[in-house]
Amino acid sequence: MSILGLTHLDERVDVTGGRRLSPTVCFYIARIFLTWVALLFLAIGTIVVFAGVVDLMNRLGRREGVDFLVVLNFSMLKLPFILQEVSPFILLFASLGTFWRLVRKNELVVLRAAGVSVWQFLLPIVVSALAIGLLIITILNPIAAATYGRFQVAEEKILKNRTEALNLSNSGLWIRQPDLTEPAGGGYYILHASALDRDTSIFDELIVFRFDRTGRFEGRYDAGKATLTPDGWRLEKAWKNWPGEKPLLMDRLLIPSKLEFERLENSFAKAETISFWSLPSFIDQLQDAGFPARAHKLQWHRLLAMPALFAAMVLLAATTSLRPHRRGRVILLMLIGLGAGFLLYIASSIVFVLGLTSKIPIVLAAWTPAGVSLMLGIALLLHLEDG
């Protein structure tokens with residue numbers, strides 16, 4: 001099928017004075033773009049799996065019980081996450097490939113000669129890019145988060161031989177939570193544990209500091225072992241040390257808490273291992289428990305900005321590809337567009353780090369790359385179209 005015949009161009013004129021594209025032409029352009037996207041996802045996915053298998057075979061090939069299927073499964077766990085991370089470049093390559101094909105077959109020349117504006121021509125591609133962005137953050141991201149989390153656990157056990165209890169940090173684990181036995185705005189606890197055993201869910205050397213609503217220290221509990229249950233913190237053989245009182249050994253002590261062990265454990269993993277759907281409630285729980293949630297907030301806004309970033313990639317590719325050129329200038333300009341995409345990636349990484357280290361606000365760090373790219377692409381296209 002080709003659009004060289006003008007029979008598929010709508011004779012009606014839009015408000016800008018150009019012809020409207022019929023649904024047939026829109027679907028044709030979108031199909032070319034989506035075909036490029038599918039092929040690039042397949043090609044990059046194959047390369048990632050093959051490279052991962054080769055690398056893991058070299059690292060695990062001599063270990064007992066490790067065969068090809070184990071290595072392949074291990075490599076596949078990281079595949080969705082890598083595809084999510086490289087998806088902006090896939091959209092950039094797909095856009096460049098779509099424009100190159102239409103320019104090479106002079107189909108773009110026919111459209112422009114028929115009075116079709118660049119905005120009409122780009123509409124099906126931009127809409128497709130936005131739809132792909134929504135699919136990635138709502139479907140691929142939850143899969144990538146789950147498999148990448150499993151990959152990290154497997155990496156710790158298989159590659160790094162870490163089977164001992166997890167050391168939370170050099171200073172241990174610190175948690176701040178309200179006293180649920182009092183009304184809102186009452187006292188609160190600050191808990192400290194030296195280590196956590198994932199297999200048994202037991203916290204070692206837990207210390208619980210009790211403060212009243214004014215922040216005045218009231219006393220502390222010291223327990224060698226503690227467990228986080230759905231009802232709260234269960235301390236065994238806990239010493240109650242209150243100022244002016246004789247230390248008291250308590251066989252059992254329950255401190256009510258809404259904190260879930262699974263959420264607590266996940267809080268020490270990377271924000272990328274939490275799915276798009278779980279991030280909002282997870283951020284709320286982290287903040288209620290006194291954990292820093294900046295990385296998770298940044299990841300949430302970064303995912304929300306992904307469709308806009310995809311649209312920006314399409315516009316950047318269009319600025320260097322839509323005008324027909326002789327000889328090798330089309331390829332040269334496409335290489336320039338590709339270089340602009342890589343510069344955008346580097347700038348995004350720098351801005352992301354600045355947001356993570358609190359140098360700039362979270363929303364600014366997450367949305368600046370997509371916003372600046374969109375404005376730059378629109379400005380260049382306006383210049384090319386009307387200049």
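Return yes when Leu338 is over 30 Å from Arg176 (Cα atoms) and either assigned to a loop (DSSP other than H, G, I, E, B) or at pLDDT 85 or above (or both) and no when it is not. Against the criterion (over 30 Å from Arg176 (Cα atoms) and either assigned to a loop (DSSP other than H, G, I, E, B) or at pLDDT 85 or above (or both)), Leu338 does not qualify.
One residue stands out in region 1-39 among those that are at pLDDT 95 or above and not hydrophobic (A, V, I, L, M, F, W, C): the one that is farthest from Ala114 (Cα to Cα), namely Thr35.
Selection within region 341-387: residues that are open to solvent by 50 Å² or more (accessible area, probe 1.4 Å) and in a loop (DSSP other than H, G, I, E, B). The member of this set that is modelled with the lowest pLDDT is Gly387.
Remark: Arg101 matches the filter, which requires a residue to be over 30 Å from the mean Cα position of the chain (by Cα) and within 19 Å of Leu338 (Cα to Cα).
Note on region 104-131: among residues that are open to solvent by less than 20 Å² (accessible area, probe 1.4 Å) and β-branched (Val, Ile, Thr), the one that is farthest from Leu309 (Cα to Cα) is Val116. Residue check: Phe261 meets all listed conditions (1) touching a Leu at 6+ places or on another chain (Cβ under 7 Å); (2) within 21 Å of Ala195 (Cβ to Cβ); (3) modelled with pLDDT of 85 or more; (4) not hydroxyl-bearing (Ser, Thr, Tyr) but one, namely (3).
For region 189-243, name all the residues that are closer than 15 Å to Ile255 by Cα, of a type in the set (Ser, Thr, Tyr) and either surrounded by fewer than 18 Cβ atoms within 10 Å (Cβ to Cβ) or in contact (Cβ under 8 Å) with a residue 60 or more places away in the chain (or both). Scanning region 189-243 gives Tyr189, Thr227, Thr229. Restricting the first member to region 36-54 and to residues that are in contact (Cβ under 8 Å) with a residue 40 or more places away in the chain and assigned to a helix (DSSP H, G or I), and the second to residues that are among the polar types (S, T, N, Q) and surrounded by 14 or more Cβ atoms within 10 Å (Cβ to Cβ), the beta-carbon pairs closer than 6 Å and six or more apart or on different chains are Trp36/Thr98. Where helices (runs of 4 or more DSSP H) fall wholly inside region 79-193, the ranges with 2 or more residues that are modelled with pLDDT of 90 or more, of a type outside the set (Gly, Ala, Ser) and out of contact with any His (no Cβ under 7 Å at 6 or more places or on another chain) are 118-135, 141-154.
None of Thr46, Thr98, Thr147 is of a type in the set (Ser, Thr, Tyr) and open to solvent by 30 Å² or more (accessible area, probe 1.4 Å) except Thr46.
The values are calculated or read from the model by the stated rules, or taken from the named source; none is laboratory data. What you are looking at is a predicted structure, and each value in this text was computed from that prediction instead of being measured. Here Cβ is always computed from backbone atoms with ideal geometry, including for glycine, and neighbour counts include all displayed protein chains. The area values use the complete protein model at the heavy-atom level, side chains included, leaving out ligands, DNA and RNA. Shrake-Rupley method; radii C 1.70, N 1.55, O 1.52, S 1.80 Å.
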